[in-house]
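What follows is one structure encoded as structure tokens, with my remarks underneath.
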Amino acid sequence: MRKTRAMRRIPILSGSRIVHVPIGDEDVVVHPPAPPSRVVDVEAAVRDALRFPLAGAPLEGLVPKGGRVTVVVEPGALPLPGAQIDPRPDALATVLDELSALGVPDERQTILVAGGLCRRLGRRELERLLPPPQARDFRGSVVVHDAADPDLIPVTLGDGTEARLNRALVETDLVVVVSSAETVVHGGPGAFLAACDAETALRTAGADSLVQAAGEPVWELALALEEALGRQCAQIGVSLALDHPRLTGRFRDYPHSPPALRHVSTSPLRRLYSLLPAGARREVLRDQGRVLATTAVFAGTPSVAHAEALIRAIELRGARLAEPVDALVVGVPWIGQHLPRELLNPVTSAATALGLALRLWRDAFPIREGGTLILVHSLARSFAHGTQEPYRRLFDTLASGDASTLVTAEQAAAFDDRAVAAYRAGRTCHPLLPYADWAGCQPALARLGRVIVAGSRDAVAARALGFVPSHSISSALEMAHGLTGGRARVGVLLAPPYVPLLVGPPQPSPR
């Protein structure tokens, strides 16, 4: 967090556009920290971690003779917006090589892609799970999780409730989770949640904070699944602590460096870029070089390895906010948080800002109680044909203005045979995913007094979600000041990537 004096206009993304946020001397800019000075060789780090785990036996002591091994991975949806150079395929390839070296050939290895309620990955996305040489040579099985599969295996949790899990997790001798520590529900035992039935997966939607495990029921559910699976077979997890996706090339220091911010604001290319059609701007953003670096690798039981990696990742990727602000400006990028990547619609735009950015907090919510979120996006009613049909249906329900119909609509979606069949065929997401995304917005909405859509091009869409439309960022800021009864203390969140927000004075290290 930096108090801003010399700079008065901060460039942020609004969809594929660049807009400038005017700020005052008492306002704050929240940005990612500088890149870490130390990164690790992911292949060597994975091998070392498997030999010297934090908890439990090393991989060599768990591999069954003549048995089967299931390796669980999640689609690399986070961190947003991703990177062309990603260490997770190399980590997976290293684990598979280690299994082969320990006597488990490809033919007895199963890769389970745990995607939760998201659209099931197709062949093109699956080929990217491994580096190209290993992808061509792999002869094992690849299973894409189906949350609507009637053959999911029921398991009883410690509290007596039941969840249904993918068969590949139960009918095996060893489960290896290979993931990066992104949130309490993404990575580690969260991968088991993403390999559950739709109803259990939906229970993960209402997490209050995505980076604070203490007292979080979703984390307790993940631990319960890990314990239940531990009674069925052996398990070990490999968790990577990743840096933020970093731009390369001309804008390589954006958004953490003030000179890079000035460069983006004053570059003559910005004016040319603003004249491009929206599709061309999105291609420019998509083709910008990005790299993800690994800062540490841990192994052990999935929850222990994940917790340690998450602590390390938050320490390295987080930004300190001394106290909650009166209003926070959050830009929404051109793509959403799910894989396969798609253009945003009103629901996924809200889910990115409220369900992702505003749930990456620790110790305290970043906006004071009853404060204002300024969501910078056009929020146009645009739904990709076919693939976003479940989102269009949820939006129509919200636009009706009758909140009582939402529960009924959710129940109907769960039993919509045509929509479920489209999900199982990989043509769209599960019909409950839009409801999970909207539920993820509720913890933040319960704390906020107002959500103002700056740059709204569709007032009907904004009001359908209960938001206030505003034509520009300047008018949105004026509204925020008026709601405060004076001059609001404004924060500007420079993103993507979205940083964990560490709110309040520094706390003693949990270690």
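Couple of notes before you dig in:
- Shape category assigned to the stretch 97-166 from the gyration tensor of Cα positions, a/c cut at 1.5: oblate
- Exposure check, 1.4 Å probe, all protein chains in place: Cys118 carries approximately 30 Å² of accessible surface.
- About its Cα centre, the dipole of the stretch 447-511 is roughly 180 debye, where the only charges are +1 on Lys and Arg Cβ and -1 on Asp and Glu Cβ.
- Simple label model, 7 Å out from Cα along Cβ direction - Ser404 to Arg124, nm: 4.6
- Phi-based couplings in Hz for the stretch 265-278 (Karplus 6.51, -1.76, 1.60; Gly and Pro marked x): 5, 9, 4, x, 5, 5, 5, 4, 4, 5, 7, 6, x, 4
- Accessible area in square angstrom per residue, the chain, 1.4 angstrom probe: 40
- Computed label-point distance, nm, for sites Arg418 and Val460 using a 7 Å Cα→Cβ extension: 2.2
- A simple charge model with +1 on the Cβ of Lys and Arg, -1 on the Cβ of Asp and Glu and nothing else charged puts the dipole of the stretch 338-406 at about 160 debye relative to its Cα centre.
- Ordering Leu78, Leu59, Ala101 by the projection of their Cα atoms onto the charge dipole of the stretch 58-135, which places +1 on the Cβ of Lys and Arg and -1 on the Cβ of Asp and Glu, puts Leu78 at the extreme positive end.
- Pairwise FRET efficiency - Glu369 versus Asp41, Cβ, R0 = 56 Å, nearest 0.05: 0.75
- Shape call, the stretch 253-389: gyration tensor on alpha carbons, a/c limit 1.5: rounded
- Its relative contact order, with pairs defined as Cα atoms under 8 Å and 6+ residues apart, puts the stretch 433-511 at 18 percent.
- Near Ser378, once Lys and Arg are set to +1 and Asp and Glu to -1 for all other residues with Cβ below 14 Å from its Cβ, the sum equals +4.
- Using Cβ point charges alone (K and R +1, D and E -1), the dipole size of the chain about the Cα centre works out to roughly 2120 debye.
- Most to least packed among 61-73, 346-358 [average Cβ atoms within 10 Å]: 346-358, 61-73
- Crossing angle, helix 473-484 versus the chain [Cα axis fit, 0-90 degrees, rounded to tens]: 90
- Descending semi-axes in whole angstrom, ellipsoid equivalent of the stretch 1-123, from the Cα gyration tensor: 43, 19, 11
- Backbone amide hydrogens, once placed in the peptide plane, bring Ala296 within less than 5 Å of Ala241, excluding anything fewer than 5 places away on its chain.
- Computed from backbone phi, the HN-Hα couplings of the stretch 217-232 come to x, 5, 5, 4, 5, 4, 5, 5, 5, 4, 5, 5, 5, x, 7, 9 Hz, rounded to whole numbers (Karplus: 6.51 cos²θ - 1.76 cosθ + 1.60, θ = phi - 60°; Gly and Pro given as x).
- Inter-part distance, the stretch 43-80 to the stretch 354-413, computed on C-alpha centroids, equals 36 Å.
- Hull-based mean projected area of the stretch 151-226, where the convex hull spans the alpha carbons, in square nanometres: 5.1
- Among 479-489, 10-20, sorting by the average number of other beta carbon atoms lying within 10 angstrom of each residue, highest first, gives 10-20, 479-489.
- Protein accessible area in the chain, 1.4 Å probe - carbon and sulfur %: 53
- For the stretch 316-376, with +1 on Lys and Arg beta carbons and -1 on Asp and Glu, the positive-most of Gly370, Leu356, Pro340 along the dipole: Pro340
- Toward the positive end of the charge dipole of the chain, with +1 on the Cβ of Lys and Arg and -1 on the Cβ of Asp and Glu, the farthest Cα among Ile10, Leu285, Pro390 is that of Ile10.
- Modelled spin labels at Asp137 and Asp106, positioned 7 Å past Cα toward Cβ, are 0.8 nm from each other.
- Set against the 2.2 N^0.38 Å expectation for a compact globular protein, the chain has a Cα radius of gyration ratio of 0.95.
- Between the Cα long axis of helix 433-447 and the first principal axis of the chain there is an angle of about 50°, rounded to the nearest 10.
- Nearest-ten-degree value, helix 389-399 long axis tilted from longest Cα axis of the chain: 40
- Under 5 Å, built H, 5+ apart or other chain: amide partners of Glu342: Gly336
- Bridge orientation summary for the chain: considering DSSP beta bridges with both residues in this region, about 30 percent are antiparallel.
- If R0 is taken as 56 Å, the Cβ-Cβ distance between Asp159 and Leu285 corresponds to a FRET efficiency of 0.80.
- Shape category assigned to the stretch 418-458 from the gyration tensor of Cα positions, a/c cut at 1.5: oblate
The values are calculated or read from the model by the stated rules, or taken from the named source; none is laboratory data. As the structure is a computational prediction, the values presented were derived from the model and not from experiment. Every residue, glycine as well, gets a Cβ built from its backbone with ideal geometry; the counts of neighbours run over all protein chains shown. The area values use the complete protein model at the heavy-atom level, side chains included, leaving out ligands, DNA and RNA. Shrake-Rupley method; radii C 1.70, N 1.55, O 1.52, S 1.80 Å.
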